[in-house]
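The values are calculated or read from the model by the stated rules, or taken from the named source; none is laboratory data. Small disclaimer: the values here were computed from a predicted structure and weren't measured. Here the Cβ is made from the backbone with ideal geometry for all residues, glycine too, and neighbour counts use every protein chain on show. Heavy atoms of the whole protein, side chains included, go into the accessibility calculation; ligands, DNA and RNA do not. Shrake-Rupley method; radii C 1.70, N 1.55, O 1.52, S 1.80 Å.
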Amino acid sequence: MSNPPQESREIVAAPPAAGVAKLKLAARIFLLVPLATLAAKAVHWYTSKSQSQIEINSYRVFLELVLLAGVAAAIIQVFWSRLRRWMDNMSPIVAATVLLLAFWELITSGFHWLPLPYFPGPAAVLQSMINDRALLFDSTWHSLILLAGGYALGVIIALITGVCIGWFSLARYWGMPVLKVVGPIPATAWIPLAMVVSPSALFSAVGLIALAVWFPVTMLTASGISNTRASYLDVARTLGAGRAYLIFRVAIPAAMPSIFIGLFMGLGTSFLTLSVAETVGVKSGLGWYVGWAQGWAEYGKVFAALIIMAAFFSTIMTALFKVRDRILVWQKGVIKW
């Protein structure tokens, strides 16, 4: 019996591409986060001589928990496909974050390239979070209530005015000049007037956040409504649709992509307005906490609040993305996601 050709033998001997891809994926999941954490532990050991013992212990425990979580997740993902997909997507980001912490500790506590006390290391910031955890939790909770109240109020008013301006010509005639005059003024510029007019600092902060949200949501809602395709409206009218049906079942669904752009823009401006509004009159919240800690030159607490702000706002933004993806699921396959 003759031997198979050389090319056939090479094809048979070569491992399947799917198997190679799985091996690379497993290696990335298993190695990225643990290796990054071990590098961070080495940096922490090198810089620990310039830190207090309580900071050394807290940060070491934190890194060990990250290492343990990374190893445990790498083992569990073998049996859980959903976790494996998540780790395939997030492992590089988590590893990069851990390495960023190591770099931060190296340039602050290690080489002292950034002056103290203005730039504390991650160990000092973590210890500040632990020491002030009750106050930080209370501040985060109050910021969430303030943001949710102002954002919800601004969105409700903006959707009403946006639909009216986009659909009714009379409302557009009188409403567009108001948008052009009031809209470009930053909401924070109204703080002195809000403190005089409003009966309390809480109401003024909610009103300022609502004003910051109102302009972008109104503008993009009106734009989306007015740009509804005439063919959609003509077909609905042919089938006997009335004005209410045209507005709520045709124009508003067609304008949803523009409306969500306005919601994202309004969320960004509301974050800025919240941080500024909490420094004037409000006696709680993350913005208030930053001002209070800065007044006492507790810059570890300032950085702790900033990190919590970033996580807090990022979580809300992610939730809004999830809502957008759920409502605009019909766009999948039509536009690039």
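ILE261 meets the conditions (1) touching a helix residue (DSSP H, G or I) at 6+ places or on another chain (Cβ under 7 Å); (2) over 26 Å from THR315 (Cβ atoms) in every case but one. The failed one is (2).
Residue by residue, here is whether (1) part of a helix (DSSP H, G or I); (2) modelled with pLDDT of 85 or more holds:
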{"site": "PRO4", "(1), (2)": "no, no"}
{"site": "LEU23", "(1), (2)": "yes, no"}
{"site": "ALA26", "(1), (2)": "yes, no"}
{"site": "LEU38", "(1), (2)": "yes, yes"}
{"site": "VAL66", "(1), (2)": "yes, yes"}
{"site": "TRP104", "(1), (2)": "yes, yes"}
{"site": "SER109", "(1), (2)": "yes, yes"}
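None of LEU272, LEU263 is open to solvent by 80 Å² or more (accessible area, probe 1.4 Å), assigned to a helix (DSSP H, G or I) and in contact (Cβ under 8 Å) with a residue 60 or more places away in the chain except LEU272.
Considering only residues in region 276-333 that are at pLDDT 85 or above and among the basic types (Lys, Arg), the one that is least open to solvent (accessible area, probe 1.4 Å) turns out to be LYS301.
Assess whether ALA201 counts as being more than 22 Å from the chain's Cα centre (by Cα), farther than 23 Å from PHE264 by Cβ and not β-branched (Val, Ile, Thr).
Judged against the criteria, ALA201 is a match.
A Cβ distance below 8 Å, combined with a sequence gap of six or more or placement on separate chains, defines the contacts here; from region 73-93, residues that are under 15 Å from LEU32 (Cα atoms) reach residues that are open to solvent by 50 Å² or more (accessible area, probe 1.4 Å) in the pairs ALA74/PHE30; GLN77/ARG84; ARG84/VAL78; ASP88/ARG28; SER91/ARG28; SER91/LEU32; PRO92/ARG28; PRO92/LEU32.
Please tell me if LEU179 is farther than 22 Å from GLY287 by Cβ and within 30 Å of the chain's Cα centre (by Cα). So LEU179 passes the test. Taken together, the residues in region 29-65 that are buried (at least 16 other Cβ atoms within 10 Å of the Cβ) and over 19 Å from GLY110 (Cβ atoms) amount to 5.
Among the residues of region 92-113, write down those that are open to solvent by 60 Å² or more (accessible area, probe 1.4 Å) and either in contact with a His (Cβ under 6 Å, 6 or more places away or on another chain) or among the hydrophobic types (A, V, I, L, M, F, W, C) (or both). Of everything in region 92-113, those that are open to solvent by 60 Å² or more (accessible area, probe 1.4 Å) and either in contact with a His (Cβ under 6 Å, 6 or more places away or on another chain) or among the hydrophobic types (A, V, I, L, M, F, W, C) (or both) turn out to be ILE93, LEU99, LEU100, PHE103, PHE111, TRP113. For region 227-277: of the residues being among the aromatic types (Phe, Trp, Tyr) and within 31 Å of the chain's Cα centre (by Cα), which is nearest to VAL290 (Cα to Cα)? Applying the filter and picking the extreme gives PHE271. Going by the structure shown, is TRP337 over 30 Å from GLN127 (Cα atoms), modelled with pLDDT under 90 and not in a helix (DSSP H, G or I)? Answer is yes for this residue.
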